[in-house]
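Here's the structure we're looking at; comments come further down.
The numbers here are math on the coordinates, done by the rules we state, and not lab data. Just so it is clear, the model here is predicted, and its values are computed rather than measured. Positions of Cβ are generated from backbone atoms using ideal geometry, with glycine treated the same way; all protein chains shown enter the neighbour counts.
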Amino acid sequence: MQEQDTLNANKAMFRRWFEEVWNKGRAEAIDEMFGPDGIAHGLSDEPGKIMKGPDDFRPFHSTFRGAFPDIEVIVEDAIAEGDMVA
């Protein structure tokens with residue numbers, strides 16, 4: 001049962017990320033949830049470049065929210081396996 005608790009906690013964090021960072025626009029939540037070794041793929045203007053840690057991600061978030069200030073992300077379902085959630 002402990003594994004299921006971990007999977008549920010990971011899914012809750014996933015949902016919280018989209019609610020806090022994107023829907024509410026709370027940039028400070030990036031530091032709360034994006035670890036220093038966290039990686040974001042496919043978001044850079046430079047092909048093949050990855051964003052590592054909150055310092056790399058913050059400018060992307062600011063630019064994206066500036067372009068789409070009314071963005072609303074709705075997570076209808078989340079699938080978790082190991083330490084990954086989609």
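What dipole magnitude, in Debye to the nearest 20, does segment 2-85 give about its Cα centre under +1 on Lys/Arg Cβ and -1 on Asp/Glu Cβ? Before the final figure, lay out each step's value.
Numbers: 9 positive and 18 negative charges, 46 e Å.
The dipole magnitude comes to about 220 debye.
The 3J(HN,Hα) values that the Karplus relation (6.51, -1.76, 1.60; θ = phi - 60°) gives for segment 37-43 are, in residue order, 9, x, 10, 10, 9, x, 10 Hz. Gly and Pro appear as x.
Return the calculated 222 nm mean residue ellipticity for the chain, to the nearest 500 deg cm²/dmol, obtained by summing -39500 (n - 2.57) across DSSP H runs with n ≥ 4 and dividing by the residue count. Calculated mean residue ellipticity at 222 nm is -13500 deg cm²/dmol.
Taking 7 Å steps out from each Cα toward its Cβ at Glu76 and Thr6 produces label points 3.0 nm apart. Under 14 Å from the Cβ of Val21, count the other residues' Cβ atoms, weight Lys and Arg +1, Asp and Glu -1, and hand me the total. Around Val21, the surrounding residues sum to 0. Output the relative contact order of the chain, whole-number percent, from Cα pairs under 8 angstrom with separation of 6+ residues. Answer for the chain is 35 percent. Distance distribution note for the chain: the fraction of Cα pairs above 21 angstrom is 35%.
How far is helix 2-17 tilted, in degrees, relative to the longest principal axis of the Cα atoms in the chain, given as a value from 0 to 90 rounded to the nearest 10? Here the helix axis deviates by roughly 20 degrees. One chain, two ends: Ser44 and Ala27. Fully extended at 0.36 nm per residue, the span grows by 4.3 nm beyond their Cα-Cα distance.
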